[in-house]
Amino acid sequence: MLIYDAESPAPRCLRMFLLEKQLQLPAVAVDVFAGENRQPAYLAINPAGQIPALRCDDGSILAESVAIAEYLEELYPSPPLIGSSSKERAETRQWWRRVELNITEFIHNAYHYAEGLARFKPRIPVLPEAAEGLKQVAQDRLHWLDSMLGNGLYLCGDRFSAADIWLYVWLDFGLAVNQPFDRNLSKITPWFDRVAKRPSATLSRTLLSEIS
């Protein structure tokens with residue numbers, strides 16, 4: 001197998017997932033800042049032009065970080081990051097879905113339309129006038145998520161999961177692109193600080209090809 005990696009939040013989510021799994025896979029870096037992922041050579045690998053991607057042992061390609069994580073969890077179920085039972089897997093996917101649909105996609109698109117506008121304007125449709133509204137939606141939904149969390153250490157109670165990885169990486173990205181979350185959130189704030197202390201949180205900043 002081979003991972004196509006890049007300096008971007010979605011690939012970092014997968015890197016953190018792999019680190020938590022203690023799973024080492026060969027990887028190559030794709031320079032998304034130079035638009036390498038939009039060139040014919042990479043589009044022949046993943047026509048969507050997105051990173052990460054996974055070349056499987058049979059030569060086929062899987063794209064989308066969530067799908068890749070699901071695939072690797074099935075191949076390497078221990079330690080479980082999605083779940084070791086049908087109930088645990090459903091619970092993880094519930095929170096994962098809430099995080100993606102309500103928060104991280106809004107952070108992502110707000111960045112495209114504001115701080116990342118110069119980079120993305122030549123590549124995708126952008127709506128600068130929508131940026132501030134998207135940022136507000138992400139913050140509102142964070143408050144909504146905060147109100148639903150229980151007293152456990154993580155989103156799925158005391159069980160660390162892929163849902164935690166996805167939310168942490170995107171909130172950390174938000175801090176760097178003028179989208180800081182409200183530090184007065186009573187559940188999200190201590191949760192974020194707790195996840196930030198995990199070794200994988202720091203090491204996932206480094207591309208897989210550079211991790212020894």
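If residue 48 satisfies every condition in (1) touching a residue at least 24 places away in the same chain (Cβ under 8 Å); (2) touching an Asp or Glu at 6+ places or on another chain (Cβ under 9 Å) but one, which is the exception?
Failing condition for residue 48: (1).
Specify the residue that is nearest to residue 6 (Cα to Cα); the eligible residues are those in segment 67-79 that are open to solvent by 20 Å² or more (accessible area, probe 1.4 Å) and in contact (Cβ under 8 Å) with a residue 40 or more places away in the chain.
First, pick out the residues of segment 67-79 that are open to solvent by 20 Å² or more (accessible area, probe 1.4 Å): 67, 70-71, 74-79.
Subsequent filtering for residues that are in contact (Cβ under 8 Å) with a residue 40 or more places away in the chain retains 76, 79.
Details: 76: 23, 79: 25 Å.
The residue in question is 76.
Can you find, within segment 179-212, the residue that is most open to solvent (accessible area, probe 1.4 Å) among those that are β-branched (Val, Ile, Thr) and modelled with pLDDT of 95 or more? So that I can check it myself, show each step before the final result.
Here is the first cut: in segment 179-212, the residues β-branched (Val, Ile, Thr) are 188-189, 195, 202, 206, 211.
After this cut, where a residue has to be modelled with pLDDT of 95 or more as well, the list is 188-189, 195, 202, 206.
On the way: 188: 0, 189: 19, 195: 0, 202: 90, 206: 44 Å².
Filtering segment 179-212 for residues that are β-branched (Val, Ile, Thr) and modelled with pLDDT of 95 or more, the one most open to solvent (accessible area, probe 1.4 Å) comes out as 202.
Assess whether residue 123 counts as being open to solvent by 60 Å² or more (accessible area, probe 1.4 Å), outside any helix (DSSP H, G or I) and within 16 Å of residue 8 (Cβ to Cβ).
On the way: open to solvent by 60 Å² or more (accessible area, probe 1.4 Å): yes; outside any helix (DSSP H, G or I): yes; within 16 Å of residue 8 (Cβ to Cβ): yes.
So residue 123 fits the description; yes.
If you go through segment 1-60, how many residues are over 26 Å from residue 99 (Cβ atoms), among the polar types (S, T, N, Q) and open to solvent by 60 Å² or more (accessible area, probe 1.4 Å)?
2
What's the number of the only condition in (1) under 20 Å from the mean Cα position of the chain (by Cα); (2) open to solvent by less than 40 Å² (accessible area, probe 1.4 Å); (3) more than 20 Å from residue 96 (Cα to Cα); (4) free of Cβ contacts under 8 Å to residues at least 24 places away in the same chain that residue 111 fails to meet?
(4)
The values are calculated or read from the model by the stated rules, or taken from the named source; none is laboratory data. Owing to the predicted nature of the structure, the values given are computational and were not obtained by experimental measurement. In this analysis, Cβ positions are derived from the backbone assuming ideal geometry, glycine residues included, and neighbour counts consider all displayed protein chains. For the accessible areas, the whole protein counts, side chains as well, though only heavy atoms, and no ligand, DNA or RNA atoms are used. Shrake-Rupley method; radii C 1.70, N 1.55, O 1.52, S 1.80 Å.
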